[in-house]
1. Taking 7 Å along the Cα-to-C-beta vector as the label spot, tell me the ALA259-ALA151 distance in nanometres, rounded to one decimal.
2. Quick one: Cα centre-to-centre distance for region 136-192 and region 227-255, in angstrom?
3. Mind giving me the nanometre distance, one decimal, between the label points for SER165 and ALA280, set 7 Å out from Cα along Cα→Cβ?
4. How many lysine pairs are close in region 49-278, with Cα atoms under 15 Å apart and the two 8 or more places apart or on different chains?
5. If you take the alpha carbon radius of gyration of region 217-282 and divide it by 2.2 N^0.38 Å, what ratio comes out, to two decimals?
6. Residue separation times 0.36 nm, minus the C-alpha to C-alpha distance between ASN176 and ALA217: what's the value?
7. Based only on other Cβ atoms within 10 Å, what is the fewest-to-most ordering of HIS250, HIS178, HIS166, HIS224?
8. Which whole-number percent is the relative contact order of region 92-143 (Cα, under 8 Å, 6+ apart)?
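We did not get these values from a lab; they are worked out from the coordinates using the rules stated. Keep in mind it's a predicted model, so treat the numbers as computed, not measured. Using ideal geometry, Cβ is built from the backbone for each residue, glycine included, and neighbour counts are taken over all protein chains shown.
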Amino acid sequence: MLPRSLSRTLSPIYAQSSTLFTLATLVNSVLVGSLPLWNSKINQREAAVLWDGRFTSDTISTINNWSWSNQNGPYQWYIHGTGATAKYISTSASYKNPAVRDALGLKLTIDNTAKWNSDMWRSELIPQTAAAINKGKLFYHFSVMHTSTNAPNAAFEHQVCFFESHFTELKFGWINGHATNNPDPMLRWYAGSQSRWSTNFTADVWHNVAFGIDFGANSVTFYHSIGADPLIQTAGPVATSTSSNGADWHLGVLRLPKAGVSDGGPEDWYYSGVYIEDGALTTSVAGPA
């Protein structure tokens with residue numbers, strides 16, 4: 001036991017040390033405790049949705065009212081046939097991938113009336129936004145499917161979800177100019193004008209896609225999954241010219257004509273989970289809230 005006089009001398013020192021220890025502990029806990037929140041905020045910024053094209057109960061009415069003088073809503077709607085909007089696009093909960101958070105999915109139809117400035121069959125929506133969706137490193141998300149009813153005709157080349165310069169896109173069916181694989185039942189990812197990946201495009205199977213585009217580095221990476229599975233990198237990166245003016249990504253289908261082949265009937269294509277994000281890739285097919 002310390003002498004009483006020494007104990008009285010050391011007591012203030014113990015008290016100060018205790019106070020300093022408590023203060024240090026408090027500061028440390030605050031800093032450490034704030035890190036997960038800080039990191040969480042960074043992650044949120046890294047996965048920011050730049051443009052949201054997911055479908056709701058207002059989508060069709062908004063699109064139907066769109067014009068060059070009334071550019072409202074998330075989509076431009078001018079590449080379609082002579083019929084009413086409802087002839088080419090409609091929404092329903094049954095049209096979406098059940099794994100996505102979207103309220104509704106889109107059924108998009110092409111037929112012999114869906115001609116725009118040519119003999120090509122076309123029904124296409126284009127993102128309408130002031131956001132910089134042609135700069136930095138972005139991910140263009142969508143899910144696509146067809147059923148056995150009004151299935152796409154594999155004897156024709158289909159360009160699916162493409163940019164105007166076609167630096168990245170999906171293709172289905174016989175590829176124009178190819179002597180073999182006619183008809184061709186494969187769904188293919190094209191980048192730099194070459195097929196980089198393919199899979200059978202069977203009915204009732206949802207294909208989830210993200211184009212990982214680095215506009216600064218001029219490269220594209222392909223992410224894919226089916227159903228509810230998370231996206232994984234399946235091809236790329238591929239060096240290519242990533243030319244875009246920010247208003248030239250076509251969500252939909254362009255079918256090229258083919259001499260000597262009957263047009264056939266209408267084709268129905270289904271889409272959901274459509275959005276563009278900045279930074280980190282959201283691999284969950286459910287998508288952001």
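1. About 2.9 nm separates the two model spin labels.
2. If we compute the Cα centre of each part, the gap is 11 Å.
3. 3.0
4. Working: LYS87/LYS107; LYS87/LYS115; LYS96/LYS107; LYS115/LYS258.
So the count of such lysine pairs works out to 4.
5. 1.51
6. Numbers: separation 41, 0.36 × 41 = 14.76 nm, distance 2.98 nm.
Fully extending the segment from ASN176 to ALA217 adds 11.8 nm.
7. Details: HIS250 22, HIS178 11, HIS166 16, HIS224 19.
Ranked by crowding around the Cβ, least crowded first: HIS178, HIS166, HIS224, HIS250.
8. Values: 34 pairs, mean separation 11.1, N = 52.
Relative CO of region 92-143 lands at 21 percent.
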